[in-house]
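Comments concern the structure below.
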Amino acid sequence: MTELSRRSFFSRAALLTVGSGLCAGTFNLEAIAAAPKTARSLAEVLAMSDVEMARQSAVVQAANRVIIDAARQLRNEALREKTLSILDNPVPTIAQGNEKAILSELKREKLIDASFASVFPPIKTPKQSPQPFWSAPGSGYSSHHAYPGGLVVHTALNVVSALSLVKNYRDVNGLTLDYDAAVGGEILHDLHKPWVFAWQDDHSCRKEQPLAGTGEHHVLSIAESLARKLPPEVIVAQACAHEHPATPAGERLVTNWIKAAGIITGTDPVTYGLLDKSGSTLPMPRRIEGWVVHLADHDFVISTSACQWTAQALRALAKENYGLSDPQHLNAFRNYVLANLTAMRLYGVLAADGKTAFAAEVARVVKK
């Protein structure tokens, strides 16, 4: 498949409005990953930054376009513009708050470890994201989609899943769900991973810290949406990504994440419409869009193991076939290969066809 036909393919794969409902167009990253590639020399790969790897990956950029297409269809104009702005530059505006006071309040409410000395990850330039949204990994370096551009590969699949769920609940159950809350919440659910998982000099990414009983990126992302004054129904749906509120324990987690976000932004979650009057549950009756975001975010269930096992196989291959031993070089090799071929696809090759086919696939993008 030529570069031109790939562009044409994904322009047709835009998310389509069909009548009063929605459906996802064809989203086939495999076709792009399987397309002919120009193999770079090992020296070229090792000289590249992680951002440049993502920038030059057809797979990563195609996934990013799917997310932007979905964002452009948000109904609320202010939400649409703010979401597109975040995707363009996910700058952490919340980092400008009084961190000392925020930390103290979070500790008082037992929402952060008492030993922690900070709330926010480091940031060099307050008005600029540490990296583009499209170059961030999907999670920590030992978790899912842990490579340049993994975040948009992960988010694009989740967004398509959310679109399908909205359509299925309409077609099967006759439910008309709020596109902005369900799809907008999914687009935004990991908005601060470019900050939390900033790339390091050795091509690994920063290690995430816990906050309010989950990975900090989740609470910080909710807080950013709150700071930017997004609609409450969108933020509540976004907050349900890591847990659903169907049980008292589950709802306690979600409400704690919202409370922590409120502390970070200096906002009362009850007054804003994120919690009911008691402050102990979500607004009643609980909206289904939160479950849509939660269900759509389950790409990690298989992709975590696939990425871990693929990374192990790549490390062994890099040593045996490419003579690499330096940890930084091994990380760069891994990042470049996965940014172009994806961990999910490579694990499928390894599982179905074995190590020889796996090595041949890697050789398509990196010369010995």
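A dipole drawn for the chain from +1 and -1 charges on Cβ atoms has a positive end, and of 71, 337, 126 the residue lying farthest that way is 337.
As a fraction of the 1.4 Å probe accessible area of the chain, surface on carbon and sulfur atoms comes out at 53 percent.
Might you tell me the accessible area per residue for the chain, computed with a 1.4 Å probe and given in Å²?
Roughly 42 Å² per residue, with all protein chains present.
The label-point distance for residue 93 and residue 28, in a model that sets each label 7 Å from Cα toward Cβ, rounds to 4.1 nm. Annotation: amide H of residue 366 within the under-5 Å range of 40, sequence separation 5 or more or interchain, hydrogens built in the peptide plane.
What chymotrypsin sites (Phe, Trp or Tyr not before Pro) in the range 195-265 are in a loop by DSSP, with at most 15 other Cβ atoms within 10 Å of the Cβ?
Details: sites: 195, 197, 199, 257; in loops: 197.
Within the range 195-265, no chymotrypsin sites (Phe, Trp or Tyr not before Pro) qualify (loop, at most 15 other Cβ atoms within 10 Å).
Model label sites at residue 104 and residue 201, defined 7 Å from Cα along the beta-carbon direction, differ in position by 3.6 nm. Residue-wise HN-Hα couplings along the range 335-346, as the Karplus relation 6.51 cos²θ - 1.76 cosθ + 1.60 with θ = phi - 60° gives them from phi, are 4, 5, 4, 5, 5, 9, 10, 6, 5, 4, 5, 5 Hz; Gly and Pro carry x.
Full extension of the chain between residue 277 and residue 295 yields a length gain of 3.8 nm, computed as 0.36 nm times the residue separation minus the alpha carbon distance.
When shorter helices are ignored and each DSSP H run of at least 4 residues is given -39500 (n - 2.57), the per-residue value for the chain at 222 nm works out to -17500 deg cm²/dmol.
The values are calculated or read from the model by the stated rules, or taken from the named source; none is laboratory data. For clarity, every value in this text was computed on a predicted model and none was experimentally measured. All Cβ positions, even for glycine, are placed from backbone atoms using ideal geometry, and neighbour counts span all protein chains on display. Calculation scope for accessible area: heavy atoms of the full protein, side chains included, ligands and nucleic acids excluded. Shrake-Rupley method; radii C 1.70, N 1.55, O 1.52, S 1.80 Å.
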